[in-house]
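Just so it is clear, none of the values below were taken in a lab; they were calculated from the coordinates. What you see is a predicted model; the values in this text were computed from it and never measured. Backbone-built Cβ (ideal geometry, glycine too); neighbour counts: all protein chains shown.
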Amino acid sequence: VDAKIPPYKPSSGVSGTIKSVGSDTMNNLMTLWAEDFRKHYPNVQVEIEGKGSSTAPPALIEGTATFGPMSRTMKNEEIDQFEAKYGYKPLGLRTSIDMLAVYVHKDNPIASLSLQQIDAIFSKTRKGGATQDITTWGQLGLTGEWADKPISLYGRNSASGTYGYFKEHALFKGDYKDSVKEQPGSSSVVQGVASDRYGIGYSGIGYMTADVKAVPVKATADGEAIAASPEFAYTGKYPLARYLYIYVNQKPGTELDPLRREFIRYVFSQNGQASVIKDGYFPINAKIVGEELSKLGLDV
């Protein structure tokens, strides 16, 4: 964690219930933050529901959520619906960095994949420009027992921000193949690949296990293969790195209530960013912390 980010200092008068509705990718992270937050404020109650990023905007609009964690930015139509009700836009805060990993079984010898190959594996539209559909491991250069084995696809459902992000960035906004086995959560994608020798799937790097490996990704066919590892999270070199967000309903020019203010201060503290690392994601730096807190009129 960036040493310039100060540790969390508790405040007084904090009570109530935090209701988080949104991203499955951020489920564990929201839980870690909430559990640690409650050590400072045992009277605070927490409810966390993580069925996918697309559930966050309606919950914020209806007022049933305090926070809307999302693994993608809000779409224009989601922002428009919010603004139609409240007269101002929802506020999105960058909390951490995820690297969306392409997972294969730990025994799979594949060395790297380009985005064009990933597109041809997962998409029926091949907008990345691949000339043919990729359905077997042999088409990716694997030999021996792998040569004729069909590739088994695992992914998320359409409520997921990860599904949307992968569609936009890895499938070049194309359409998924009908053969993708849609899973309800990030961990079930990884479990699917772990138990399927010829499987491939995509999920956040925080869900990595010893039974799978994350394949290095090339932005172009002849580009450099970049591993989903920390040193490439900040440089922009890894093609599928993304911010993880928390959205809040905050009228411009007004102060946050103590509960939301302190939870956000906690997330952007040394303590909160340590939880990011604990969950397998990457913390943001002090510069971003300052930028995000200033959106709410808060100091670092």
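A few remarks follow.
- R0 of 35 Å, Cβ-Cβ distance residue 125-residue 251: FRET efficiency to nearest 0.05: 0.25
- Top positive-direction residue, dipole computed over the chain with Cβ charges, set 57, 205, 140: 57
- Adding -39500 (n - 2.57) for every DSSP H run of four residues or longer, then dividing by how many residues the chain holds, sets the calculated 222 nm ellipticity at -8500 deg cm²/dmol.
- Note on segment 224-300: Kirkwood hydrodynamic radius from all Cα pairs is 14.1 Å, rounded to one decimal.
- Here the chain is treated with +1 on each Lys and Arg Cβ and -1 on each Asp and Glu Cβ, and its dipole about the Cα centre works out to around 300 debye.
- Nearby aspartates and glutamates by direct alpha-carbon distance to residue 124 (threshold 13 angstrom, same-chain neighbours under 8 apart not counted): 133, 175, 178
- Distance from segment 127-153 to segment 224-300 (C-alpha centre basis), Å: 38
- Using Cβ point charges alone (K and R +1, D and E -1), the dipole size of segment 158-289 about the Cα centre works out to roughly 200 debye.
- Simple spin-label estimate for residue 39 and residue 133 in nanometres, 7 Å along Cα-Cβ: 5.3
- Mean separation of Cα contacts under 8 Å, 6 or more apart, over the residue count of the chain: relative contact order %: 28
- Rounded to 5, the percent of DSSP beta bridges in segment 113-226 classed as antiparallel: 25
- Each of 67, 189, 216 was scored by the projection of its Cα onto the charge dipole of the chain, and the greatest displacement toward the positive side belongs to 67; charges sit on the C-beta of Lys, Arg, Asp and Glu.
- All Cα pairs of the chain, percent lying beyond 31 Å: 31
- For segment 136-197, a Kirkwood radius taken over Cα pairs fed into Stokes-Einstein (25 °C, viscosity 0.890 mPa s) yields D = 191 µm²/s.
- Where both bridge residues fall in the chain, DSSP classifies roughly 60% of the beta bridges as antiparallel.
- Selection among 152, 125, 273 by position relative to the dipole of the chain gives 273 as farthest towards the positive end (Cβ unit charges, Cα centre).
- If the convex hull is drawn through the Cα atoms of segment 1-141, its volume per residue in Å³: 195
- Taking the Cα centre of segment 27-128 as reference, the dipole from Cβ charges on Lys and Arg (+1) and Asp and Glu (-1) amounts to some 280 debye.
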